[in-house]
Amino acid sequence: MAVERMTVDVHHLTRVEGHGNIVVDVVNGELKQCELEIVETPRFFEAMLRGRPYEESSHITSRICGICAVGHATASLRATEKALGVNPSPQTVLLRKLNFHGEILDSHILHAYMLVAPDFLGVGSVIPLAKAAPEVVLRALRMKQVAGDLCKIICGRHTHPIAMTVGGFTHFPLTSELEALHKRLVAMRTDVDATVELYSQLPIPAFERDTEYIALHKDDEYCFIDGVIKSTDGGEWPIEDYRKVTNESIVKHSSAKHTHNQRDSYAVGALARFNVNYDQLHARAKTAAAAMKLKPKVIKPFYNTAAQVVEIVHCLEDAISLTEQILKMGVRAEEPVPIARRSGEGVGACDVPRGTLFHNYVIDKGRVVGANCIIPTGQNLANIEADMRALVPTILDKSQADITHMMEMLVRAYDPCISCSTHLLNVKFE
Amino acid sequence: MTTLLNETLRQESIYIPTPARIATINPMTATEKLFRVALPSGFSLAHRPGQFVEVSIFGVGEAPISICSSPSHSNGSFELCVRSAGKLTNALHRLSPGGTIAIRGPFGRGFPIERFRGKDIIFVAGGLGIAPLRSLIEEVIADRGKYGRVYILYGSRSPNDILFSEDLKLWANAPRTEVHLTVDRTAPGWDGNIGVITTLFPKLRFHSRNMVAVVVGPPVMYRFVLMELLARGLADGNIWLSFERQMKCAVGKCGHCQMHHIYTCQDGPAFSYAQIKNLEEAL
Amino acid sequence: MSLRIMPKGALKAWVTRLQSRQFKVVGPKSLHGQYIFDEITDPNDLVLDYPTSVLPPKKFLLPPRETLFRFNARTMESHAEITVEPLIIFGVHTCDMHAIALLDKVHNTGYADQHYKAHRAATYLVSIECLKPCMEGSFCKSMGTLTVPEAFDLHLTDLGSDYAVDVGSEKGEELLEGFSSVWEPTESDYERVNNVMAAKWPHFSYRLECDVTELPDLLSISQKSPLWDELGERCLACGMCTKVCPTCYCFDVTDEIDLNLEKGERVRTWDSCQIEKFAVVAGGHNFRSSRALRQRHRFMRKGKYQYEAFGLMGCVGCGRCAAACLVHITPVDTFNELYRMRQSAKAVPQPQIKEPQP
Amino acid sequence: MTTQTLPRIAFFEFTSCEGCQLTVVDTLQAHPELLNVVEIVQFREAMSERGEDYQIAFVEGSCTRPHDETRLKEIRQQAKIVVALGACAHLGGINAIRNRQPLEEVRQYVYGDKADWFDTYVARPIEAVITVDAVIPGCPIDRNEFAMAVSHLLQGRMPNIPDYPLCIECKLMENVCMFQRGKACLGPITRSGCGAICPAYGDGCEGCRGLIPKPNIESLKQVLREHGMSEEEIDAKMTMFLTYQKMRLEEKR
Ligand SMILES: Cc1cc2nc3c(=O)[nH]c(=O)nc-3n(C[C@H](O)[C@H](O)[C@H](O)COP(=O)(O)OP(=O)(O)OC[C@H]3O[C@@H](n4cnc5c(N)ncnc54)[C@H](O)[C@@H]3O)c2cc1C
Ligand code: SF4
Ligand code: SF4
Ligand code: SF4
């Protein structure tokens, strides 16, 4: 190669949640350094939770991340419920699932259209895209609106949900609201089909690297809440054993922690779920996957966004049938299930848009005394770096600008949510 | 010729103002500007001194502003002296001549000028209080023969804050008319009185028996000026004050300007001291 | 005024019939364990035997948020936004009827408020006689609001199996037009009505220790009472008391404009004299800077100022504010406390002579 | 109107969850015309282009480390108008909860013996560092209020944000008062403007929009006591979003 030293230094990675830098240093064709630095300020959530009443945990932790707020709240509630011996009612379980789809849809649409699509359509961001292809952006906004309204009727809003509480809900959607929602969800199929169409035509880089994929799993549904931890390398763990899977460690260049399981790194997120839970996908989602030429096991990291599109199809279909199911049952305004005890430990797990999320609380006499949260992006960091190390040597012939762009696209494909990945480790459980 | 008030009343809603053009804008001090507002042709304002109009800029809001020009100088237009104090008044200050505003009114009762005939009049103005008084003073000066001696007392924060200085000179030259100025803080070139407005009183010689006083200024001023006037024997019913209150409608509905059973916008803003002296919160 | 009798069982059919005549029907309906006035789409939802509503029916005559007019800031065009539809309010309690009578007076005094008038003209009031106290905090009997004022169109009295329907206006007649399930009262119907009316009074007690006619004077001499400071200490200045009050009508006016800064509207929203900024003027002076002064203003308005300005009491004893207030400030307790303080004062000063109105 | 004349705005984030900026993106759902009336020159979360020539800066997030101060000051120098976006920037938000514990302890708890790798100090609202011209409160901000605030800024005036208590809005919605449902609510001392969304969805107000001027905190505490809350519970309630404001009030006393 012509240059003897090439560095890529993406200061302030854009179109991602939170602050990250990419640092690549190549000397005489040899990769000296290749890191994704997380420069987000540490947030200290686990420390903040200490001493707070357990009822507050879901509200405080939803503030870890504005985009997976419902996911954090759900995982937090599950951790608390397990700690305090609460079994939510079947209605609560259904409403939570439906609500969760709202967030997955909102987040995936945001990512696929507003953060990633501009890369493929050769524009700098969604703003010029809105001028160049207004119909594409309007479609995204239309779909996002439905997803947001779904969360709105169930929990008040998707950024920092309100009505979700330990043991149930504090507010219930009206039948008329659910009926109206159902109509809009059905109508949304057209836009979702157009999304599949769009993504089957985009020139997604074919770069591959085999890795371990991890996701939550249930045999009878495409799992987002609870279930067991499952790996494409084989192995299933109860979510209480999350530490055996995640093995967190601190690295100096990042205020987020790295994780590894059976290899040096593993991946979570839409592609991991797709690889682990393909069988449980809705038939229409499988068709969409075929249209985008996705078949497990997909080991192309750039295809994570395509897997998100598959999930958009799945979540829409599942949201439609959940709405029907809830309507058929009729919504009852029920009091939250009371707690069985005031002290205990519990782990809650959800597969949020970006991957598997764990909340682990120790509660003593109604107060949180120990807390640990493991966030998807934290789990992906080591894997992203491994991808970068594999990718750089294959593209060294390109211009520095192209390499930089490619690296940014790679990181963005993971849909990293850096703001929420900065949390503590080293929890001392009393 | 129809009056603006009739136009206001003709609207489907009493809250709809009539568009009017700003003819001229004259900066007066750092914070006050004088606006001449031209009414649409065929309209007159037909106001009484002491009345006010509601001034609107669509999208910003509305505020009550005293009419500071005399009814006899109207000629299809009138003047407003506006201090930039908030959203509407700041927006007014950003306008240029030719710009359009919208107005309703005039509202309120104004001063009972016919009751002042044949009497000496002492005008006491603090700061922006000179604006509503100007309308009345001009009217008195224009019809000078009908009134007795006239004293104009005017206090400003500093010499640079003095409003209507040209007018003050003209008034001082009118027959049997005295103008006394004072400032709270002096500035180079000022050789007049320094101190609050009540410091002007000891130097004044007047007979209170056949005299009315008209006082307009900030809320803090009233109590002290009243003490001076009452000490000099002015009857409660001969002391007139104009009140400022928050107003959102100017037609006695919104409740903001209510003092006791009185709605300042409709029953005032001018009141005799006799009318309000027993009303808690009035002063 | 004439009387008719309608079997209770006919109510639903009547409501449905009115709806088919393009009337919008609103009335008390249960929501989350409270009653609110809302559109009745299913006649089964209409509950006439309800304790009290969260917001009074005032909200249809003076909506909490009302567009006064729409404008175009570029062209300076404006047009009033007075949209009304024929509206029947069912189940208005007598206290709320008295409140509406006050609102009528206020909005027709001086320059009339066309918006209120338009709503009022399009509204048909079907009030209901209160036969037992609706809740703990109410004191309608003391305020003289336990019988219905003139303002009603139809007035219902529950006779057990039937309703006695007083027709108070032509608008009232219009509502009954062509509805065959009503009949002219017989002797015995009159007797039933009189019996019910006579039986109701003992259920209610006087809670005010003075007579309502003494209130304005009592308040006049209580301007400087130390009680206001006590209330001010406790009051949260949350404004709930004024939001739920059927006789509060103060409003704020603001402009809203689109992002293109072209089209917008001027809206009025309910305001509250209990909030800090209510009486602030441009120089920053606040005529009621403390909670004590604002509470005093509120109660003076309820028991004195409005009476002096409009000849009607500013409080109708509905008790909503008492139920809403988290720190238990209530008109009855306040008035009674002032009264007791007066009684126990050794030398009772003469009430001040009222100044003539300007 | 040509692009040149459009007001240039930029978004910045400090310690936050970026939920407020997401809400800005959501605002486009109802107000796509926003893109025609302003020129967004910097919005890292949503775009790669980056301009330094902005007039209005919307700042999300709290200041939590010395390094933030430098950047905040740069923003202040460039921008004519600085708007604090959301509770973190306005109040210190959730971040300030940790101010209740000694900083070293917090750091140790999070990063153990690696604590000093991470630069941090007390979490503060941005107005503790720079002058703020306007605030769009809330956690997260309200979309309609954001659109309204932009229209006011375009008119050359400061956004008209309510400063009366939440109970006013709440009563207008005819919500069941949380106290009737046996829950605690900070509505009487918290600024309105959110449409009382928490009580409407069955949760007591947590104070995310900040205190009203002259709140009667003592009286509300008494109400909470009457509703069976312990001093500890009251303290927790008052410190979810209001830690910084409350600590400041206590310092003043
Ligand atoms: C009868 C009458 C005559 C007047 N004549 C004149 C005149 O001739 N010239 C003149 O310049 N002014 C006059 N004023 C004062 C003028 O009406 C105010 O300055 C004006 O209303 C301010 O409106 P704004 O929209 O500019 O300010 P706003 O933005 O409404 O507020 C400006 C200031 O007013 C206070 N304030 C008022 N309402 C509120 C509120 N709802 N919430 C919070 N703060 C509030 C605050 O202290 C604020 O700083 C008169 C007022 C009255 C009642
Ligand atoms: S409801 Fe009670 S606390 Fe609230 S403003 Fe009214 S009197 Fe004060
Ligand atoms: S003051 Fe209270 S009791 Fe009287 S009418 Fe108003 S809400 Fe009802
Ligand atoms: S729920 Fe909260 S905000 Fe609503 S009225 Fe009650 S105390 Fe006020």
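All conditions in (1) touching a Cys at 6+ places or on another chain (Cβ under 8 Å); (2) exposed (fewer than 12 other Cβ atoms within 10 Å of the Cβ) hold for C:Met143, with the sole exception of (2). Of the helices (runs of 4 or more DSSP H) lying entirely inside the stretch C:297-348, those containing at least 3 residues that are within 16 Å of ligand 4 (Cβ to nearest atom) span C:320-324. When the stretch D:144-165 is filtered for residues that are within 8 Å of another protein chain (Cβ to nearest Cβ), closer than 27 Å to D:Met238 by Cα and in contact (Cβ under 8 Å) with a residue 40 or more places away in the chain, the ones remaining, listed by number, are D:Asp163, D:Tyr164, D:Pro165.
Each residue in the stretch A:92-146 was checked for being touching a Pro at 6+ places or on another chain (Cβ under 9 Å) and not in a helix (DSSP H, G or I), and 2 pass.
Within the stretch A:174-194, residues that are under 15 Å from A:Ala147 (Cα atoms) sit with their Cβ atoms under 6 Å from residues that are of a type in the set (Gly, Ala, Ser), at 6+ positions apart or across chains, in these pairs: A:Leu185/A:Ala319. Among the residues of the stretch D:229-246, are any within 14 Å of chain A (Cβ to nearest Cβ), out of contact with any strand residue (DSSP E or B) (no Cβ under 6 Å at 6 or more places or on another chain) and small (Gly, Ala, Ser)? Yes, some residue in the stretch D:229-246 is within 14 Å of chain A (Cβ to nearest Cβ), out of contact with any strand residue (DSSP E or B) (no Cβ under 6 Å at 6 or more places or on another chain) and small (Gly, Ala, Ser). Out of (1) of a type in the set (Lys, Arg); (2) within 14 Å of chain A (Cβ to nearest Cβ); (3) farther than 30 Å from C:Ser53 by Cβ, the odd one out for D:Arg209 is which? All conditions are met except number (3).
Residues are listed down the side, and each one gets a yes or a no for (1) more than 16 Å from ligand 2 (Cβ to nearest atom); (2) in a loop (DSSP other than H, G, I, E, B); (3) among the hydroxyl-bearing types (Ser, Thr, Tyr):
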| position | (1), (2), (3) |
| --- | --- |
| D:Ile130 | yes, yes, no |
| D:Met148 | yes, no, no |
| D:Asp163 | no, yes, no |
| D:Ile168 | no, no, no |
| D:Cys177 | no, yes, no |
| D:Gly202 | yes, yes, no |
| D:Cys208 | yes, yes, no |
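If you check D:Ser151 against the conditions, is it hydroxyl-bearing (Ser, Thr, Tyr), more than 22 Å from A:Pro161 (Cα to Cα) and either at pLDDT 90 or above or surrounded by fewer than 22 Cβ atoms within 10 Å (Cβ to Cβ) (or both)? When the stated conditions are applied, D:Ser151 passes them. Once the stretch C:272-304 is narrowed to residues that are within 10 Å of chain B (Cβ to nearest Cβ) and in contact with a Cys (Cβ under 9 Å, 6 or more places away or on another chain), the residue that is farthest from B:Leu279 (Cα to Cα) is C:Ser272. Just one residue in the set B:Ala85, B:Ala131 is buried (at least 22 other Cβ atoms within 10 Å of the Cβ) and more than 16 Å from ligand 4 (Cβ to nearest atom); that residue is B:Ala131. Among the residues that make up the stretch B:6-23, is at least one of them under 30 Å from D:Ser151 (Cβ atoms) and more than 14 Å from chain C (Cβ to nearest Cβ)? Checking the stretch B:6-23: at least one residue is under 30 Å from D:Ser151 (Cβ atoms) and more than 14 Å from chain C (Cβ to nearest Cβ).
Within the stretch B:82-101, the set of residues being within 6 Å of ligand 1 (Cβ to nearest atom) and either in a strand (DSSP E or B) or basic (Lys, Arg) (or both) comprises B:Val82, B:Arg83, B:Lys87.
Please verify whether the stretch D:171-192 includes one or more residues that are closer than 23 Å to D:Ile81 by Cα, touching a Phe, Trp or Tyr at 6+ places or on another chain (Cβ under 9 Å) and either modelled with pLDDT under 95 or crowded, with 22+ Cβ neighbours inside 10 Å (or both). So far as the stretch D:171-192 goes, yes, one or more of its residues are closer than 23 Å to D:Ile81 by Cα, touching a Phe, Trp or Tyr at 6+ places or on another chain (Cβ under 9 Å) and either modelled with pLDDT under 95 or crowded, with 22+ Cβ neighbours inside 10 Å (or both).
Candidates in the stretch C:4-46 are the residues that are out of contact with any strand residue (DSSP E or B) (no Cβ under 6 Å at 6 or more places or on another chain) and in a strand (DSSP E or B); of these, the one that is farthest from D:Met173 (Cα to Cα) is C:Ser30.
So that you can scan it fast, the table gives a plain yes or no per residue for (1) at pLDDT 95 or above; (2) among the aromatic types (Phe, Trp, Tyr); (3) surrounded by fewer than 17 Cβ atoms within 10 Å (Cβ to Cβ):
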site: C:Pro56; (1), (2), (3): yes, no, no
site: C:Ile82; (1), (2), (3): no, no, no
site: C:Glu85; (1), (2), (3): no, no, yes
site: C:His98; (1), (2), (3): yes, no, no
site: C:Leu103; (1), (2), (3): yes, no, no
site: C:Ala112; (1), (2), (3): no, no, yes
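State whether the residues of the stretch D:69-83 include one that is within 12 Å of chain A (Cβ to nearest Cβ), buried (at least 17 other Cβ atoms within 10 Å of the Cβ) and in a strand (DSSP E or B). No, the stretch D:69-83 contains no residue that is within 12 Å of chain A (Cβ to nearest Cβ), buried (at least 17 other Cβ atoms within 10 Å of the Cβ) and in a strand (DSSP E or B). Can you go through C:Ser181, C:Ser225, C:Ser220 and tell me which one is surrounded by fewer than 16 Cβ atoms within 10 Å (Cβ to Cβ), of a type outside the set (Phe, Trp, Tyr) and either in contact with a Pro (Cβ under 8 Å, 6 or more places away or on another chain) or assigned by TED's automatic domain parsing to the domain that holds C:Leu293 (or both)? The unique qualifying residue is C:Ser181. The set of residues in the stretch C:68-90 that are within 14 Å of chain B (Cβ to nearest Cβ), part of a loop (DSSP other than H, G, I, E, B) and out of contact with any Ser or Thr (no Cβ under 6 Å at 6 or more places or on another chain) comprises C:Ala73, C:Arg74, C:Thr75, C:Ile82, C:Thr83, C:Val84. Are any of the residues in the stretch A:205-228 in a strand (DSSP E or B), basic (Lys, Arg) and closer than 26 Å to A:Ala306 by Cβ? Checked against the condition, which is being in a strand (DSSP E or B), basic (Lys, Arg) and closer than 26 Å to A:Ala306 by Cβ, the stretch A:205-228 yields no hits at all.
Let me confirm something: among C:Thr254, C:Thr242, C:Thr269, which residue is within 16 Å of ligand 4 (Cβ to nearest atom) and either within 11 Å of chain B (Cβ to nearest Cβ) or not charged (D, E, K, R) (or both)? After ruling out the rest, the residue left standing is C:Thr242.
The criterion of at least 3 residues that are over 17 Å from the mean Cα position of the chain (by Cα) is met by the following strands (runs of 3 or more DSSP E) wholly inside the stretch B:1-81: B:18-27. Summed over the stretch C:260-297, residues that are surrounded by 19 or more Cβ atoms within 10 Å (Cβ to Cβ) and without any contact (Cβ under 8 Å) to a residue 40 or more places away in the chain total 11. Is one or more of the residues making up the stretch D:43-61 more than 9 Å from every other protein chain (Cβ to nearest Cβ), within 23 Å of A:Glu46 (Cβ to Cβ) and modelled with pLDDT of 85 or more? Yes. For the stretch C:4-26, the condition holds for no residue, the condition being that it is closer than 30 Å to B:Val60 by Cα and in contact (Cβ under 8 Å) with a residue 60 or more places away in the chain. Counting the residues of the stretch C:237-261 that are more than 16 Å from ligand 1 (Cβ to nearest atom), in a loop (DSSP other than H, G, I, E, B) and under 23 Å from the mean Cα position of the chain (by Cα) gives 6.
Scanning the stretch C:313-337 for residues that are under 12 Å from the mean Cα position of the chain (by Cα) and more than 22 Å from C:Arg288 (Cβ to Cβ) yields a total of 5. From the residues in the stretch B:263-274 that are closer than 30 Å to B:Phe206 by Cβ and assigned to a strand (DSSP E or B), which one is farthest from ligand 4 (Cβ to nearest atom)? Among those residues, the one meeting the criterion is B:Ser272.
The values are calculated or read from the model by the stated rules, or taken from the named source; none is laboratory data. Keep in mind it's a predicted model, so treat the numbers as computed, not measured. Because the Cβ atoms are built from the backbone with ideal geometry, glycine has one as well, and the counts that use them run over all protein chains shown.
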